[in-house]
Every structure is written in C-alpha cells, then in structure tokens.
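First up is the structure itself, then whatever we jot down about it.
The values are calculated or read from the model by the stated rules, or taken from the named source; none is laboratory data. Remember, it's a predicted structure, so these values are computed and weren't measured experimentally. Using ideal geometry, Cβ is built from the backbone for each residue, glycine included, and neighbour counts are taken over all protein chains shown. Please note that ligands, DNA and RNA were not included when accessible areas were found on the heavy atoms of the full protein model with its side chains. Shrake-Rupley method; radii C 1.70, N 1.55, O 1.52, S 1.80 Å.
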Amino acid sequence: MNSYIAEFIGTALLLLMGSGVVANVVLKQTKGNNGGWIVITTAWALGVFIGVVVAGPHSGAHLNPAVSVALAIAGMFDWNLVPGYVLAQVLGGGIGATVTWLMYKDHFDITDDPGLKFAPFATAPAIRNLSSNFLSEVVGTFVLIFVILYTTGANLEDLNNTPIGLGALGALPVALLVWVIGLALGGTTGYAINPARDLGPRLAHQFLPIKGKGSSDWPYSWVPIVGPLLGASLAAGAFLILGS
C-alpha cells in the first residue's frame, strides 16, 4: 500500500457505496427501490467513512481533487503530489461505479428510463440552470473544505507524520460533515462536491455497454468539476486570510 494506491482504493470504495445506493434506490425491482433521499445521503456519508478508514493511514484520505488542491493552496500538501492523487481518485471513481454496474446489471437492463440508468454514475441538476447549479457546487464544496481546513489546521501539531487529508478530521466526523451537506445543500445538483466522484463515473457511463443508456451529459460535466475546485480554492483562501 502506498499513497496513490490508497487514494485509488479509498475512492473506489466510496463510489461503490455511493453509486450502489443510488442504483438500489432508483433502478427497477431492487430491494431498496424508492428508498428516498435520506437513504442516499446516509450511504454516501458512510461510504466516505469507509474510504477514510482504509486510505487515511496511507495517504491522508483525500478521495477528492478539491481536497488535494485546497490542502496544497493552504500549504499543507505538496503540489508535486497533486496530479498523482487526482489521477488515482478519478480512476478509483470510475472503477467503483463500474463494479456497481456489474452488480446491478440485471436491474439496469430492466430499467427503461435512461436518466435513471445515468443517476448511479454522475450528478445532474434537479432544475437545469447552470449558473445556480454552479453556485450550488461552489457553496457545498466551500463548506466541506472550510471545515476540513480548520479542523486539520487546529490539529497540525498533534498529527506528527500522519498524512494530511480527510483522515486528519477523523472518519466519523467527516462522514457526518458529508451527510449534513447532502441533506441541507444536495437537493439542487446532487452535491458532487468532488470532481473525481463525477468525472470518473461519467467516463465509465460513456464507455460501458449499458443497455438502453442515454447521453452522458458532457455539456453539464464542467459544473461538478470547476464548481468544487473553485469552492475549495475559496475556502483555502479564506483559511489563509482568516488564519487558523
């Protein structure tokens, strides 16, 4: 296990849980069909918990390019490591979503709506208004990163040589943080707040032979990439200005 493998596995586990719960809720004839938003947000939060537990000791458990970039801006992470972390995260996200498709393939096959087939892979807005969708991703990610930075910054002296990331906040606290963001701020866009969580699975949707699938909606894809990166950058900038 090294930091890049840890990021890959941690993000894959996160997406397996996250994509898996969406598939369970929206696809036909699953045991969890119509389980609702509480089920989805809870499983995504616990998916973060799982990813952080596995990756935290080895990579800090960023699991999200927005986290890697924000920590680098704040001076807590080496910029030279950012590209490798991001690549591992995007690949892990794609693999996690692909395993979900393999597991739920029978249910994908009998689901008629292409939008529901797409939902386990990537985000889409409830109301398509790119400016407000973009703002939603900026705000949600700002909250995520701002809390992470202040918790990590306050504990820097106690972390010693422990890798910096979501693991520095702790698996359960970061899961609760993601849970409340989903419950409170996720209703507009599905709260990607993580470019790898969206881009990797969107690529998987594009290339997998999913029966009856529709568009991978690439015209929207920049929103869950640029929005979280901007939100993370703003949070890191606020942290630097306000101080720890």
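Some points to look at:
- Rolling a 1.4 Å probe across the protein heavy atoms gives the chain an accessible surface of 42 Å² per residue.
- Using the alpha carbons alone, the radius of gyration of the chain stands to its Kirkwood radius in an Rg to Rh ratio of 0.96.
- Cross-link reach list, lysines versus Lys31, counting only Cα pairs under 18 Å and skipping chain neighbours closer than eight places: Lys105, Lys117
- Look at the dipole of the chain built from charges on Cβ: of Phe8, Trp44, Leu71, the Cα furthest out on the positive end belongs to Trp44.
- Taking N as the residue count of the stretch 27-84, its C-alpha radius of gyration divided by 2.2 N^0.38 Å amounts to 1.56.
- Formal net charge of residues neighbouring Arg202 (Cβ-Cβ distance under 15 Å; K, R +1; D, E -1): 0
- Projecting label points 7 angstrom from Cα along Cα→Cβ for Lys28 and Leu183 puts them 3.4 nm apart.
- Using the Cβ-Cβ distance between Lys105 and Asp78 with R0 = 41 Å, the FRET efficiency computed as 1/(1 + (r/R0)^6) comes to roughly 0.50.
- Ranking Phe121, Leu177, Gly56 by Cα position along the charge dipole of the chain, where only Lys, Arg, Asp and Glu carry charges on their C-beta atoms, puts Phe121 farthest toward the positive end.
- This model, with +1 at the C-beta of Lys and Arg and -1 at the C-beta of Asp and Glu, gives the stretch 3-242 a dipole about its Cα centre of some 540 debye.
- Length gained when the stretch Leu240-Ile127 is fully extended (0.36 nm per residue, less Cα-Cα span): 37.2 nm
- Estimated from helices alone, the mean residue ellipticity of the chain at 222 nm is -22500 deg cm²/dmol (sum of -39500 (n - 2.57) over DSSP H runs with n ≥ 4, per residue).
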